[in-house]
Amino acid sequence: MRIVIIGTGNVATILGKRFLAADHEIVQVCGRNQLHAEELADALSASFTTDLQHCNPHADLYVLAVSDTAVAAIASQLQLNNKLVVHTAGAVSKDVLSACSKNYGILYPLQSLRSELNELPDIPFLVDGNTEDDLALITEFANSISNQVQQAGDEQRLKLHVAAVLVSNFTNHLYALAKAYCLQEHVDFNMLLPLITSVAERLHDYEPVAVQTGPAVRNDDATIHKHLALLQQHPALKTMYIMFTESIKKMHKPKL
């Protein structure tokens, strides 16, 4: 496919590289910042523009890889008639694209994407389309760049977006809090990295509830009290520790 990418951030960069790796052609990059647009276009062997009115009208697919809050505003500025347009946002309805084309849908990468990544990660995609024909085209395209593609309507996609925030954003925030705690208490956070990796890898083979470990699941109240005593000088962490401990105990409470 001949593709126009609208956006120059993390998602636009990684998806652009993924498209090229699958032998698609990036004909143009559209972005507000000239330097960023030019740099990404150069990396993708494409032309660039900073004016949506100069968007190449001869592409097969237009990908709005911009922030969730910007999708509707950008769509309202595009007039692509019957061209196929998709956005990559997790929490935005596909119907906001009806302002710019008769044919539109979703190409949502269910992955945390950073432009500085040296290797392209595995990217599952959730796809949708406003017609059966558009859905078929988007699904076919997604299958050309990923081996994990599922069809999902706006509600299903939003639910998975919530789950993604829990397993990625919230989990990473816990890592950040743990590292800050380690720095303050003069212990080495790097000693935890093998543990982080090991727990994540187990999820490929086991249910999360089956691999839960720690004092809460063992009802080891003596250890829990020692931990809470250490956290007296870290009230926010202490509150979170108590909340997670109670949640784990509740999930693993013996059934009568």
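The angle between the Cα long axis of helix 235-251 and the main principal axis of the chain comes to about 90°, on a 0 to 90 degree scale.
Model label points for residue 34 and residue 243, set 7 angstrom from Cα along the Cα-to-Cβ axis, are 4.7 nm apart.
Sorting 173, 227, 58 by accessible area (1.4 Å probe), largest first, what list results?
Values: 173 100, 227 65, 58 130 Å².
Of 173, 227, 58, the descending order of accessible area is 58, 173, 227.
For the chain, the longest principal axis of the alpha carbon atoms and the long axis of helix 171-185 meet at an angle near 50°.
Sorted largest first by accessible area at a 1.4 angstrom probe radius, with every protein chain in place, the residues 226, 255 fall in the order 255, 226. Computed packing ranks the peptides 4-16, 36-48 as 4-16, 36-48, most packed first, by mean other Cβ atoms within 10 Å. Relative to the longest principal axis of the Cα atoms of the chain, the long axis of helix 193-202 lies at roughly 70 degrees.
If packing is taken as the mean number of other Cβ atoms within 10 Å per residue, what is the order of 189-201, 78-90, 121-133, 231-243, highest first?
Highest-to-lowest ranking by the protection proxy: 78-90, 121-133, 231-243, 189-201.
Computed over Cα pairs, the Kirkwood radius of the stretch 78-207 leads via Stokes-Einstein (0.890 mPa s, 25 °C) to a diffusion coefficient of 143 µm² per second. In this simple spin-label model, placing a label point 7 Å from the Cα along the Cα-to-Cβ direction at both residue 233 and residue 197 gives a separation of 3.2 nm.
Applying 1/(1 + (r/R0)^6) with r as the Cβ-Cβ distance of residue 223 and residue 147 and R0 = 35 angstrom yields a FRET efficiency of 0.25.
Would you mind telling me the share, in percent, of accessible area of the chain contributed by carbon and sulfur at probe 1.4 angstrom? Mind showing how you got there, number by number?
Working: 8280 of 15370 Å².
Carbon and sulfur: 54 percent of the exposed surface of the chain.
Taking all protein chains together, 244, 141 sort by accessible area into 244, 141, largest first [probe 1.4 Å].
The values are calculated or read from the model by the stated rules, or taken from the named source; none is laboratory data. Owing to the predicted nature of the structure, the values given are computational and were not obtained by experimental measurement. Cβ atoms come from the backbone with ideal geometry, glycine included; neighbour counts cover every protein chain shown. Keep in mind that these areas ignore ligands, DNA and RNA; they rest on the heavy atoms of the full protein, side chains included. Shrake-Rupley method; radii C 1.70, N 1.55, O 1.52, S 1.80 Å.
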